[in-house]
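Worksheet: the structure to be examined is printed underneath.
The values are calculated or read from the model by the stated rules, or taken from the named source; none is laboratory data. Everything numeric in this text was worked out from a predicted model, so none of it was measured. Methodologically, a virtual Cβ is constructed for each residue, glycine included, from the backbone with ideal geometry; neighbour enumeration extends over all protein chains shown. Accessible surface areas use protein heavy atoms only, side chains included; no ligands, DNA or RNA. Shrake-Rupley method; radii C 1.70, N 1.55, O 1.52, S 1.80 Å.
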Amino acid sequence: MFDVKGSIVALITPFHEDGSVNFEKLKELCEWHIQNATDALLILGTTGESSTMTHEEDDAVVKCVLSCVQGRVPVIVGSGSNCTQTMIEKSVKYANMGADALLVISPYYNKTNTQGMIQHFTAVADAVNKPLILYNVPGRTGCSISEEAIRILSKHPNIVGIKEASGNISYAANIARYLSDDFVMYSGNDDMIVPMLSLGASGVISVLANVVPKQTHDMVMDYLQGNTKKACAAQLYYLDLIHALFCEVNPIPVKEALNIMGKEVGGYRLPLYEMSDEHKTLLKQCMQEVGL
């Protein structure tokens with residue numbers, strides 16, 4: 001049983017000025033999140049820019065984070081690929097390195113049909129003895145995991161949950177019917193944390209948590225502990241900041257926000273590029289409004 005509730009930060013990957021991974025800063029961020037009640041770390045996700053990193057860099061990030069965290073919070077590693085065999089190989093490697101769970105994505109670009117989707121995830125789930133979290137983000141991948149695929153995959157003993165980031169509350173409600181002690185759901189959209197919790201989600205895999213980790217944790221826990229009014233107020237309080245964090249493609253704005261906060265996490269790798277002055281001004285205003 002995979003029983004992580006609360007705020008799972010989709011952690012950024014900090015870079016030096018020359019574009020190389022800043023491992024010392026990465027360790028600082030891990031410590032900061034642990035001190036600020038983040039419930040688990042997700043590395044090598046979309047926010048972590050793994051799509052522009054080499055396999056060797058991915059491995060080094062996993063090794064660094066696992067060594068730093070030392071089991072104090074769970075570490076989930078993104079091991080997805082649009083090639084099923086590659087996803088198996090990455091998943092086996094990170095499982096052997098000590099990842100607590102793996103985040104596996106639907107096959108972007110080449111896509112597939114429902115049966116291919118089921119086989120894509122089942123092949124990985126059969127190959128590793130670690131909890132797998134499915135990742136549904138059709139805005140990035142161009143394909144959604146069908147409700148029928150979720151119904152079947154939710155029964156696999158190694159498939160323990162889904163990061164639902166379609167932004168479609170109707171879809172989320174339909175797949176919520178398959179939630180159980182053995183299959184949980186996380187909001188993949190920061191502007192829908194409370195709505196997703198109301199459907200039975202266990203928490204959020206969050207970009208927002210990169211800049212307000214304690215507040216994101218508190219929002220989820222307030223809801224789960226019955227203080228729904230306070231959780232709803234927090235959701236609305238941070239809504240403008242959430243929108244600003246996605247005014248350009250993630251993780252450009254969240255890295256800019258961390259740099260504004262003095263975290264010195266560096267820039268991006270092409271094709272990601274510095275955000276416009278207009279959007280920087282908007283982001284700073286929204287940060288100031290919530291006391292950042």
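Could you grab me the full set of residues in the stretch 179-196 that are open to solvent by 10 Å² or more (accessible area, probe 1.4 Å) and among the hydrophobic types (A, V, I, L, M, F, W, C)?
L179, V184, M192, V194
How about the stretch 6-61: which of its residues are open to solvent by less than 40 Å² (accessible area, probe 1.4 Å), within 21 Å of P107 (Cα to Cα) and part of a loop (DSSP other than H, G, I, E, B)?
L44, G45, T47, G48, E49, M53
Condition check ((1) on the phi > 0 side of the Ramachandran plot; (2) touching a strand residue (DSSP E or B) at 6+ places or on another chain (Cβ under 7 Å); (3) part of a helix (DSSP H, G or I)) across all residues:
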position: I242; (1), (2), (3): no, no, yes
position: K255; (1), (2), (3): no, no, yes
position: L258; (1), (2), (3): no, no, yes
position: K263; (1), (2), (3): no, no, no
position: G266; (1), (2), (3): yes, yes, no
position: P271; (1), (2), (3): no, no, no
position: M275; (1), (2), (3): no, no, no
position: K280; (1), (2), (3): no, no, yes
position: Q285; (1), (2), (3): no, no, yes
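Working carefully through the options L272, L292, L258, find the one that is out of contact with any Cys (no Cβ under 8 Å at 6 or more places or on another chain) and at pLDDT below 95. Walk me through how you get there before you give the answer.
Working: L272 fails: at pLDDT below 95; L258 fails: at pLDDT below 95.
Matching residue, one of L272, L292, L258: L292.
Could you run through the stretch 171-193 and say how many residues are assigned to a helix (DSSP H, G or I) and either free of Cβ contacts under 8 Å to residues at least 40 places away in the same chain or small (G, A, S) (or both)? Before the answer, list the steps.
Of all residues in the stretch 171-193, those assigned to a helix (DSSP H, G or I) come to 171-178, 190-193.
Then keep just the ones that are either free of Cβ contacts under 8 Å to residues at least 40 places away in the same chain or small (G, A, S) (or both); that gives 171-178, 192.
Count: 9.
Output yes when any residue across the stretch 121-134 is within 17 Å of the chain's Cα centre (by Cα) and among the polar types (S, T, N, Q), and no when none is.
First, the residues of the stretch 121-134 that are within 17 Å of the chain's Cα centre (by Cα): 131-134.
So of that shortlist, the ones also among the polar types (S, T, N, Q) come out as none.
No, the stretch 121-134 has no match at all.
Within the stretch 257-292, track down each residue that is touching a His at 6+ places or on another chain (Cβ under 9 Å) and within 13 Å of P14 (Cβ to Cβ).
G266
Being open to solvent by less than 30 Å² (accessible area, probe 1.4 Å), among the aliphatic types (A, V, I, L, M), under 27 Å from K27 (Cα atoms) and in contact (Cβ under 8 Å) with a residue 12 or more places away in the chain is the requirement here; does V254 meet it?
Details: open to solvent by less than 30 Å² (accessible area, probe 1.4 Å): yes; among the aliphatic types (A, V, I, L, M): yes; under 27 Å from K27 (Cα atoms): yes; in contact (Cβ under 8 Å) with a residue 12 or more places away in the chain: yes.
Yes.
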